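The values are calculated or read from the model by the stated rules, or taken from the named source; none is laboratory data. None of the values given here were measured: they were computed from a predicted structure. Because the Cβ atoms are built from the backbone with ideal geometry, glycine has one as well, and the counts that use them run over all protein chains shown.
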Amino acid sequence: MSIDTITLQCFLAVAETGSFTKAAERVGRTQSAISQQMAKLEYLLGKTLLSREKPFSLTQDGEIFLGYARQIYSLHREVMDRFKEPDLEGEVRFGLPESFASIFLSDILVEFSRIHPRILLKIECDLTLNLFERFKKQEFDLVLVKMSRPEDFPNGVDVWSEPLEWVGSKGIIEQAKPVPLVLSPPPCVYRSSAIKTLEEAGRSWRLVFSSPSYAGSIAAVKAGMGVTVMPRTMIPAELEILDRCVLPKLNDTHVSLLKHRIDDAAINNLERFVLQKLKH
C-alpha cells in the first residue's frame, strides 16, 4: 500500500496545528476522519508518529517523517501547479516587510518563477502600516502585514501569531537609565509595541538608531548600540534574546496575508505558495 496525498495533507495539518480538531477544520474533514488517517499512516509505516497524551506532540519518528512529508507534499503541489495550469499568466503586485523579504523572498522568487514563468511578479518592500494603506488604495494585489486581519478584508488569512522578544545585549540595560532602542522609523508596528510597552511599565527610553533597513538594524544591535524587538522565529542565531525579567513582556505579533480578489488564479497561486513557505 502507498501513502496518498490526502493522508500527507492530514498529517501536516495535525503536525502544524497540534490538534486533531484544528487539523480537521483546515482540511475540511471530520475529527474522526483525521484520526482514521493518522492510524492508517502509522500502520503503513509501522511506527508511532503521534504522542496522543496531553500536551499533544510528535514522537521522534513523527519529527523525522514530518520533514519527508513536507518535501513530498511540496513536490506534489509543484507538479500539479506546473502541469495542471502551465499557461497561467498575468501580473501580481505583492507587498511585504523587508524583514520577511530578507528571509523568504529568495525562495519565493526562484521557486514560484520556475513553476509559473509567465506570471510577472512586481514586489515591493515597505513598513507594515504603509503597505496596509497602499493595499486599501488598490496598489497591491497581495500584502503580507504584521497585524491582525481587519474585519473589513474578508479575503485575509491569519498566517500565525507568535511572541515578540527583546533582542540585544543584557549588559547595556541599566535600571536607572533610559533603554537604548534600535527601531524602524514610524509607522512601524514593532516600534509602536516597544515604546508602548516601556511607557506602560514606567520605563524611560531613548532612540539610538533608526533605519527602515532590516540589515541595518541587525548590524546596530550586533554592535551593541541598543536593543530591538523581533518575532521569535525571525531572530538571527547570532543575536541574544533578553530574559523576560530584564524588560517588560511584549504582546504577541500577528501576521496576516491580505488580498482583494478571490477569482484571480495567478494571485491565488502566489498566495498558496507564500503560505506554504511561511508555515514551513
* Asked: Which residue pairs have Cβ atoms under 9 Å apart, sit 6 or more places apart or on different chains, and have a first residue in the stretch 41-68 that is touching a residue at least 24 places away in the same chain (Cβ under 8 Å) and a second that is surrounded by fewer than 11 Cβ atoms within 10 Å (Cβ to Cβ)?
  -> L44/M1; L44/S2
* To do: For K47, indicate whether it is part of a loop (DSSP other than H, G, I, E, B) and modelled with pLDDT of 90 or more.
  => yes
* **Single match in S32, S51, S106 (criterion: of a type outside the set (A, V, I, L, M) and within 22 Å of S256 (Cα to Cα))** => S106
* Might you let me know whether the stretch 141-154 holds any residue that is in the same structural domain as E238 (by TED's automatic domain parsing), among the aliphatic types (A, V, I, L, M), modelled with pLDDT of 90 or more and surrounded by 14 or more Cβ atoms within 10 Å (Cβ to Cβ)? => no
* Asked: Which one of these does Q31 not meet: (1) touching a Phe, Trp or Tyr at 6+ places or on another chain (Cβ under 6 Å); (2) surrounded by 15 or more Cβ atoms within 10 Å (Cβ to Cβ)?
  -> (2)
* Restricting the search to the stretch 218-262, which residues are of a type in the set (G, A, S) and surrounded by fewer than 17 Cβ atoms within 10 Å (Cβ to Cβ)? -> A219, A223, G224, A237
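The rows are residues; the columns are (1) assigned to a helix (DSSP H, G or I); (2) surrounded by 13 or more Cβ atoms within 10 Å (Cβ to Cβ); (3) over 26 Å from the mean Cα position of the chain (by Cα).
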| residue | (1), (2), (3) |
| --- | --- |
| E42 | yes, yes, yes |
| P55 | no, no, no |
| G67 | yes, no, no |
| H76 | yes, yes, no |
| F83 | yes, no, yes |
| L105 | yes, yes, no |
| L109 | yes, yes, no |
| E124 | no, yes, no |
